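Data first, discussion second: the structure below is written as structure tokens.
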Amino acid sequence: MTDQSGAERGVAKLGVLKAMAGFLKPYRLQVFGASIALICTAAITLSIGQGLRMLVDQGFSSHANEAALNQALLLFFAMVLLLAAGTFIRFYLVSWIGERVSADLRKAVFAHVVTLHPGFFESQLSGDIQSRITTDTSLLQTVIGSSVSIALRNALMFIGGLIWLFISNPKLTAMVMLSVPLVIVPILVFGRRVRSLSRSSQDKIASVGSFVGEAVKNIKLLQAFNHQTLDRKSFEGHVEVAFDVAIVRIRQRAWLSTTVIVLVLGAVTGMLWVGGHDVLAGRISGGELAAFIFYAVMVAASVGAISEVYGDLQRAAGATERLLELLAAENRILPPAQPVALPQPARGEIAFEDVSFAYASRPDHPAIKGLTLAIPAGSSLALVGSSGAGKSTLIDLLLRFYDVGSGAIRFDGIDIRDLDPQDLRAQIAMVPQQPVLFTGTVADNIRYGRPSASDEELIEAARAAFAEDFIQRLPDGYDSFVGEGGVRLSGGQRQRIAIARAILADPKLLLLDEATSALDAESEYQVQQALERLMEGRTTVVIAHRLATVINVDRIAVLDHGELVASGRHGELLTQSPLYARWASLQFDDANTQAALAAE
Ligand code: ADP
């Protein structure tokens, strides 16, 4: 919890309520039904006290007759049936609403999060976003699906019970009112302690879980360093800590139960003593006393129940606030009000015009400075420069993941800020340095480039990416699972799948970030072939790490600290740009450079 002022917190709570009301709105009918069931069950529970009174007074009184007893019991049973039916409806509807609202919230938050500008995720931990969508919504689900209903039901019973008590016997009621805090306060204190202990017990269990997770994930490293015994010992430590915390909790819980029994039944004894004397003196009937005790216990129990769920309600308010925060996060990369349409078909001509850009987290350190560069449609450009020179930033700017600080980037002559980002990105395909494969089949991963592609188009793309051979050799061909993140494939295979994906997308502009890690000669050759096929007839911007690439492209742009310091072809740059010559000689071993020079 942040240290907001009470007023601010009140406003936040109000906002939370308003937002929740918005999510409940489509389910008015269910909410209405649940409310009716809630009121009915509370009313029936309240009337059971009256049934009890009748039963005692008429059923067991000295003038008892069988007919009256039967009648009283019949009525009682009818009420029980009604209560059962009402409880069924209430429980079903309320749980349904809880599940429904949390499902809707999950969908809304995810749908919003995936549209947010990538810069947003630099300040947000992905784990945090995940836990908001899973844990926070689950918490809301339990709260809406039970705690709220418990609180409302008990509030009704508290009010109803109290009214009856005051009407029927003010003297005894005054006594109850005095004893309620006496009974409730210790229960609350213990209850709170148990709750906080159960939270820390859960934390401890979570740390046991993450220890196991880490050990299993790194099992080879663990065994290679002979860490079994050490890890076993520290794991035992974690488990024992969890046990100790659990035992403290259990002890408190045991005390809680004992205290409840002593205090509640003690209070009942007190009432029986006072009330019993009233009965003996003929001031009230036995049934009245029985009903009175029934209501008194009910009033006390409802206070207990409300205080028990109060913490849940507060936690839910916190969870809702966190979810709403995500929902309210603003997308900084928005389509313009009137997006300009791209020419059909697009050409893929790129122009950087005096572009400067700094990341929000480092406003004083521009990552790109006054860069002007034209890339004719269908030509290829290699970006080279040492690490941190701004190559990836240029690629991100082209995709409009960030907006330029000054200057403009044009696609087919149109400022990309005047285009709908979706239209712009539909013309672009990206093959990243570390190809990203999603858990699924080979076909799923290629089809990611264009979900509507037919099987023939998909196979065609795989063939063009020189991936068909190895795919056919996989156990289930195109339907083989690639494993989490593609672990079942080699680096070169993953790259060719990423290339097939880009070929299937058939973009006008291709953005490539070449892998720095060396592939074996065979894979390297195949990947290179696949890339050349992919680059045919498209504008290509490639972050180059391979000699073959820089030799083949139409133009090389040399970046240094965000500035364009030289551009030209490989041979020219080797003689004209000392920076390029140094970069090239560091990047490729001398033999390669010599060979390239000889080939020029
Ligand atoms: P390259 O791709 O040439 O290695 P980058 O484009 O990744 O270089 O980085 C250019 C500069 O911008 C570097 O100084 C880097 O530290 C900085 N930078 C890159 N990404 C971010 C980011 N998300 N937030 C802040 N600074 C960044």
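Details
- Overall form of segment 100-232 per C-alpha gyration tensor (a/c, 1.5; a/b vs b/c): oblate
- Burial ordering of GLU524, GLU236, fewest other beta-carbon atoms within 10 Å first: GLU236, GLU524
- Long-range lysine pairs (8 or more apart or interchain), segment 2-328, Cα under 25 Å: 8
- Once Rg and the Kirkwood radius are both taken over the C-alpha atoms of segment 2-328, their ratio Rg/Rh works out to 1.09.
- Ordered by the number of other Cβ atoms lying within 10 Å of each residue's own Cβ, fewest first, THR441, THR540 fall into the sequence THR441, THR540.
- Gain in span if fully extended, HIS227 to SER285, counting 0.36 nm per residue against the direct Cα distance: 13.3 nm
- Mean Cα-pair separation over length for the chain, i.e. relative contact order, pairs under 8 Å, 6 or more apart, %: 14
- Antiparallel DSSP beta bridges within the chain, as percent of all bridges there, nearest 5: 50
- Amide hydrogen proximity for MET430: with H placed 1.01 Å from N in the peptide plane, the residues at 5 or more positions away or on another chain lying under 5 Å are LEU511.
- Whole-number percent relative contact order across segment 2-328, with pairs defined as alpha carbons under 8 Å at least 6 apart: 32
- Length added when fully stretched, ASP479-PHE121, from 0.36 nm per residue minus Cα-Cα: 125.6 nm
- For the chain, the convex hull spanned by the alpha carbon atoms encloses 242 Å³ per residue.
- Net length available on complete extension from ALA337 to ARG199 is 44.8 nm, with 0.36 nm assigned per residue and the Cα-Cα distance removed.
- Ranked list, fewest to most other Cβ atoms within 10 Å of each Cβ, for VAL176, VAL212: VAL212, VAL176
- Nearby lysines by direct alpha-carbon distance to LYS508 (threshold 25 angstrom, same-chain neighbours under 8 apart not counted): LYS391
Just so you know, all these numbers are worked out from the coordinates, no wet-lab data involved. Note that the coordinates shown come from a computational prediction; the quantities given were computed from them, not determined experimentally. Positions of Cβ are generated from backbone atoms using ideal geometry, with glycine treated the same way; all protein chains shown enter the neighbour counts.
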